[in-house]
Amino acid sequence: MLYWHEGQMRANAGRYEEAIPLLDHARKPPGMPDKAGWNPYVDATIAFLRRDRAALERAHATLAAYPPPTGEGVPEVKDGYLVLDMNGGEQRRVRWPLNIEVVECLEKSFDKPYTEAYGNDCKTK
């Protein structure tokens, strides 16, 4: 995760060519389960930084197709949201697959800098 966060910091600074290898290094390695679509999220982010719309769209489609988690003790997905029980009995809803909102923001803001495309403003529009 340190590679990922350093890559994000460099992308935020507009240093995309330095960010890309760091982000790429943050992938889950072959053979390691990727149950939440981490690698397609990485693909989407790198595609955005390279300004490769076709690759971004492919990564989005791959991520969007990720099946919801299943199994004992795994939170349920209802209407496209992972429902998490928080302390105090509250529930929090998170879009499934994880990071799909970020990828959608990258697509909507394709011609903008990473800092704007990744920002929370996109998620509220």
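We did not get these values from a lab; they are worked out from the coordinates using the rules stated. This is a predicted model, so every value here is computed, not measured. Positions of Cβ are backbone-derived with ideal geometry, glycine not excepted, and every protein chain shown enters the neighbour counts.
What value, in deg cm²/dmol to 500, does the helix sum -39500 (n - 2.57) over DSSP H runs of n ≥ 4 give at 222 nm once divided by the residues of the chain?
-15000 deg cm²/dmol
Most fluctuating residue of E76, E57, E107 in a GNM of the chain with Cα springs under 10 Å: which is it?
Between E76, E57, E107, it is E76 that shows the largest mean-square fluctuation.
Among D52, D79, D43, which comes first, then next, by fewest other beta-carbon atoms within 10 Å?
D79, D52, D43
Using a Gaussian network model on the chain with a 10 Å cutoff between Cα atoms, which of E104, E17, E90 fluctuates the most?
So, out of E104, E17, E90, the one fluctuating most is E90.
If you stretched the chain out fully between M86 and L2, how much longer would it get, using 0.36 nm times the residue separation minus the C-alpha to C-alpha distance?
Full extension from M86 to L2 adds 27.6 nm.
I need two numbers for the chain: Rg to one decimal and Dmax as a whole number, Cα atoms only, in Å.
My reading of the Cα-based Rg and Dmax gives 15.2, 45 Å.
Along the Cα→Cβ direction, 7 angstrom out, place labels at K28 and D79. What is the inter-label distance in nm?
The modelled label-to-label distance comes out at 2.8 nm.
Averaged over every viewing direction, what's the projected area of the C-alpha convex hull for the stretch 1-43? Give it in nm², one decimal, please.
For the stretch 1-43, averaging the hull's shadow over all directions gives 2.9 nm².
Which order results if T115, T70, T62 are arranged by neighbouring Cβ count within 10 Å, fewest first?
Values: T115 13, T70 9, T62 17.
By the 10 Å Cβ count, ascending, the order reads T70, T115, T62.
Between D52 and T115, what is the label-to-label distance in nm when each label sits 7 Å out along the Cα-to-Cβ direction?
Reported label-point gap for D52 and T115 is 2.6 nm.
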